[in-house]
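Just below is one structure, and these are the notes that go with it.
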């Protein structure tokens with residue numbers, strides 16, 4: 001293992017969007033067992049510090065690999081197309097219109113049934129977006145197009161959080 005390896009190399013996985021979550025989880029557990037600082041207690045403080053660095057590196061990689069949105073953003077970045085969400089918020093007009101409609105529906109929702117219906121719409125859009133990432137990244141290798149889809153999914157994820165907060169308020 002090398003600290004400079006990509007997350008995929010570290011986890012011995014192909015650098016693809018489509019991944020088996022159980023395989024990622026199993027590899028994470030295996031790696032954590034190998035580098036756990038307690039295993040190096042007899043080798044002194046320096047060895048434990050190195051083991052701790054490895055543990056942190058493995059956890060960071062795990063957080064990126066297990067989350068489809070983070071994994072897609074990472075794949076775009078390592079393939080020369082960083083997402084740069086904080087600097088580039090341009091979105092297609094159709095997507096922006098959809099966001100406005102969702103926000104209006106959220107504002108008008110007076111009960112949990114209305115929120116559930118909106119959640120179903122958002123979930124369907126999210127599923128389609130994730131499927132398109134699979135196609136854009138793994139099939140076409142079109143990372144610039146995938147970046148736009150990642151940014152759209154970031155908007156969707158934030159909206160899902162707002163939906164959940166609104167549902168919590170209505171449920172109280």
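Where a number appears in this text, it was derived from the coordinates with a stated rule and is not lab data. For clarity, every value in this text was computed on a predicted model and none was experimentally measured. Note that each Cβ is placed from the backbone with ideal geometry, even for glycine, and that neighbours are counted across all protein chains shown.
Residue 50 to residue 167: extension gain in nm, 0.36 nm per residue of separation minus the Cα-Cα distance? Write down the numbers at each step before the final one.
Details: separation 117, 0.36 × 117 = 42.12 nm, distance 4.50 nm.
Residue separation times 0.36 nm, minus the Cα-Cα distance, leaves 37.6 nm.
With the Cα gyration tensor of the chain in hand, convert its eigenvalues to equivalent ellipsoid semi-axes via √(5λ) and list them largest first in whole Å. The partial results should precede the final answer.
Values: eigenvalues 272, 89, 36 Å².
Its equivalent ellipsoid spans semi-axes of 37, 21, 13 Å.
Rank the residues 156, 78 as a footprinting-exposure proxy: fewest other Cβ atoms within 10 Å of their Cβ go first.
Values: 156 21, 78 14.
Sorted ascending by nearby Cβ count, the order is 78, 156.
Would you kindly state how much longer the chain becomes between residue 30 and residue 16 on full extension, computed as 0.36 nm times their sequence separation minus their alpha carbon distance, in nm to one decimal?
Stretched fully, the residue 30-residue 16 segment lengthens by 3.0 nm.
Assuming 0.36 nm per residue, please report the length gained on full extension of the stretch residue 99 to residue 123 beyond their Cα-Cα distance.
Working: separation 24, 0.36 × 24 = 8.64 nm, distance 1.33 nm.
Taking residue 99 through residue 123 to full extension adds about 7.3 nm, to one decimal.
In which sequence would 10, 115, 106 go, from the one with the fewest C-beta neighbours within 10 Å to the one with the most? Could the numbers behind the result be given before it?
On the way: 10 22, 115 19, 106 16.
Ascending number of Cβ neighbours within 10 Å: 106, 115, 10.
Under the definition of Cα pairs under 8 Å and six or more residues apart, what whole-number percent is the relative contact order of the stretch 44-172? If you can, show how the numbers build up before the last one.
Numbers: 75 pairs, mean separation 41.8, N = 129.
Once divided by the residue count of the stretch 44-172, the mean separation gives 32 percent.
Helix 21-35: angle to the longest alpha-carbon principal axis of the chain, degrees 0 to 90, nearest 10?
Orientation of helix 21-35: about 30 degrees from the principal axis.
Output needed: percent of Cα pairs per 5 Å distance bin for the stretch 71-172, bins running from 0 to the one holding the longest distance.
2, 12, 22, 21, 16, 12, 8, 5, 2, 0
For the stretch 108-151 and the stretch 1-61, what is the centre-to-centre distance using only Cα atoms, to the nearest Å?
Answer, in whole Å: 31.
Hey, if you drop one equal point scatterer on each alpha-carbon of the stretch 7-66 and run the Debye formula without solvent, what base-10 log of I(q)/I(0) do you get at q = 0.17, 0.26, 0.30 Å⁻¹?
-0.55, -1.00, -1.21
Can you sort 123, 7 by how many other beta carbons sit within 10 Å, fewest first? Don't jump to the answer; show the numbers that get you there.
Numbers: 123 13, 7 22.
Fewest to most other Cβ atoms nearby, the residues stand as 123, 7.
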